[in-house]
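The values are calculated or read from the model by the stated rules, or taken from the named source; none is laboratory data. The model shown is predicted, which means the values in this text are computed figures rather than measured ones. Please note: Cβ atoms are built from the backbone with ideal geometry, for glycine as well, and neighbour counts cover all protein chains shown.
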Amino acid sequence: ALAAAEQAIDSAAPLMSLSVIARAQYLRARAFFGLGHYERALESLKSSRDELVGLGDFSLAVRTQATFSCWLALHGHQAPAQEMLEQAHELAKGYGGPGDLARIESAAAQIAGLRGEVHAAKAHLLRAVAFYEELGDEQAVANAFNSLGARALDVPELEEAQKYFSSALAKFESLQDRRRARGARSNLALIALLRGDVASASGQFRTLIESSKGDPHGSGSAPLNLAKAQFETGRLGEAMDLVEAALDTARKSQSRPVLEDGQQTLARIHLHRGDLELARLWFRKSAETGDAIGGPRLELRALTNRVELLLAEGDAVGAESIAREATRLAARHSLGARGSTRLVAQALLHRGDVAQARQTLEGLETRGDDLETRRIGILEARIRALTGDHKLAVQSLHEISRWAKERGAWTIDTEANLALVEAERPRQGPEWTRGRLTSIETDSCGRSWASYCRRAKQLASGDDRGPGRGVSGLEAVME
């Protein structure tokens, strides 16, 4: 590509063909960008822009810069991306029309989204939609709806995300855009997964992967999302294979967001397989990739990943400190803080501070149809059992277990049953306890799910300490 661009420039120069030179400079910029020579790519792009402006082709100059600003941001070059976008915006305001301004808003939304500035991204996208609807550009409207759904997922606001993805899917189908329609379906399946419909989501992801065979664009995010679904069903081996394949694709396409997501998913798999060294390694890689992209959303994820690792290592004090930092970060940027708040309470419970753990969970929704709400409900039930509300605790855990079984959410079912044994053991006696724990241990160990297997063995041995190995809430109450 670089050689072809150079040849085009050499051929056009004697004829002073600015149009050909401008386009060849653009091709050269793309080639340099693909080779990782970002400074030379920027030089070529500026030459292309200047020549396009000289021709009076302001619209192409604006769109070229807007596109390149997104590429730069996607690869972690936030400052030059923002500078390039601002230059394009000034050009669009002076010479462009609604289409150019819409392209600027779309690019600004993409850059803000990569930074984790969710609400700014949504505002840019809504302005872009208004421009695109004015122009009657249904394809662009559909793309913007799809992006609005993605930003709602970042919070996460599942109802809003489903609304936008469904609207995008309807438009993509009417436009016969099969590839983007598959992407919208994959996002809707991801929402099903987050809501706990694990079996249904897995089936949808498999269908999407199968339907994309032979498509040069591949199956998009479906393999990585299927890996997350398989994780929730307890199939760690299959989840690992899917993640490694997704990481290979991300490296080839130089997609840092997919790379970061895959790295942290792989780290969680290693964490639950009991390999803390590999978990630590992949969490670090994920954090480094997230730092290169930038933004509070990925910073928040890196912090919560550190908390899970610290809890597994037995450092409940360190885990609580980092979880509180994550909660403050989420509050500052209007991101969802339910997960980090749960981790604060979990760390407190590991330390034996039952009252503080209970107070931390106050105000969080504990009844609902999503995975995070159910995990909060399990933790709340454990606290209830420790503070004397045994009947309601057991009732809640049975209900959560039934809910999880119906949806194929093995992780939630196992966590609920471990908590149920913890709550019921003093009343049910050793035979009941032994039977329940043998079943959980056999299932978990057979799946190489070391974290649950280890917890079952701890409870079977009479050890009431959780993964943090600190004084548990039960011991604190008894003392």
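Some notes on this structure:
- From the list Ala239, Ala189, the lone residue that is within 30 Å of Tyr132 (Cα to Cα) and crowded, with 17+ Cβ neighbours inside 10 Å is Ala189.
- Residue satisfying all of: in region 207-227; surrounded by fewer than 16 Cβ atoms within 10 Å (Cβ to Cβ) and in a helix (DSSP H, G or I); modelled with the lowest pLDDT among these: Ser211
- Hits in region 224-242 (condition: of a type outside the set (A, V, I, L, M), over 11 Å from Trp410 (Cβ atoms) and touching a Ser or Thr at 6+ places or on another chain (Cβ under 9 Å)): Asn225, Lys228, Gly237
- Per-region count, region 127-152, residues in a helix (DSSP H, G or I) and either farther than 21 Å from Leu188 by Cβ or of a type in the set (S, T, N, Q) (or both): 12
- Among the residues of region 228-255, those identified as of a type in the set (Val, Ile, Thr) and assigned to a helix (DSSP H, G or I) are Val243, Thr249.
- Some residue of region 350-359 being under 24 Å from Arg273 (Cβ atoms) and under 22 Å from the mean Cα position of the chain (by Cα): no
- Residue match in region 290-299 (condition: under 25 Å from Ser444 (Cβ atoms) and charged (D, E, K, R)): no
- Gly149 passes every criterion in (1) over 23 Å from Gly336 (Cα atoms); (2) without any contact (Cβ under 8 Å) to a residue 40 or more places away in the chain; (3) of a type outside the set (D, E, K, R) apart from (1).
- Residue list for region 154-179, restricted to those being of a type in the set (A, V, I, L, M), buried (at least 20 other Cβ atoms within 10 Å of the Cβ) and either touching a strand residue (DSSP E or B) at 6+ places or on another chain (Cβ under 7 Å) or within 24 Å of Ser334 (Cβ to Cβ) (or both): Ala161, Ala168
- Residue within region 93-112 that is at pLDDT 90 or above, surrounded by fewer than 21 Cβ atoms within 10 Å (Cβ to Cβ) and over 27 Å from Ser334 (Cβ atoms) present: no
- Restricting Ser321, Ser286, Ser255 to those that are out of contact with any Leu (no Cβ under 6 Å at 6 or more places or on another chain), among the small types (Gly, Ala, Ser), touching a residue at least 60 places away in the same chain (Cβ under 8 Å) and more than 22 Å from Leu371 (Cα to Cα) reduces the list to Ser255.
- Among the candidates Arg338, Arg342, residue that is surrounded by fewer than 23 Cβ atoms within 10 Å (Cβ to Cβ), in contact with a helix residue (DSSP H, G or I) (Cβ under 6 Å, 6 or more places away or on another chain), touching a residue at least 24 places away in the same chain (Cβ under 8 Å) and not aliphatic (A, V, I, L, M): Arg338
- Hey, Ala357 among the aliphatic types (A, V, I, L, M), assigned to a helix (DSSP H, G or I) and farther than 23 Å from Phe283 by Cβ or not: yes
- So Pro467, is it modelled with pLDDT of 85 or more and not polar (S, T, N, Q): no
- Exclusive hit being touching a Lys or Arg at 6+ places or on another chain (Cβ under 6 Å), closer than 23 Å to Arg151 by Cα and of a type outside the set (Val, Ile, Thr), set Gly295, Gly290: Gly295
- Verdict on Glu380 being more than 30 Å from Gly446 (Cβ to Cβ), acidic (Asp, Glu) and either in contact with a Leu (Cβ under 9 Å, 6 or more places away or on another chain) or not in a helix (DSSP H, G or I) (or both): no
- Residue check, Leu148 in contact with a helix residue (DSSP H, G or I) (Cβ under 8 Å, 6 or more places away or on another chain) and buried (at least 22 other Cβ atoms within 10 Å of the Cβ): yes
- Qualifying residues in region 353-389 (those that are more than 14 Å from Ala416 (Cα to Cα) and touching a residue at least 60 places away in the same chain (Cβ under 8 Å)) - the one surrounded by the fewest Cβ atoms within 10 Å (Cβ to Cβ): Asp369
- Residue-level analysis places Gly408 among those that are on the phi > 0 side of the Ramachandran plot and either at pLDDT 90 or above or buried (at least 21 other Cβ atoms within 10 Å of the Cβ) (or both).
- Restricting region 419-460 to residues that are closer than 17 Å to His398 by Cβ and charged (D, E, K, R), the residue that is surrounded by the most Cβ atoms within 10 Å (Cβ to Cβ) is Glu422.
- Counted as qualifying within region 256-351 are the helices (runs of 4 or more DSSP H) with 2 or more residues that are closer than 24 Å to Ala381 by Cα, namely 296-313, 316-332, 338-351.
- Candidates His89, His119: the one that is without any contact (Cβ under 8 Å) to a residue 24 or more places away in the chain and assigned to a helix (DSSP H, G or I) is His89.
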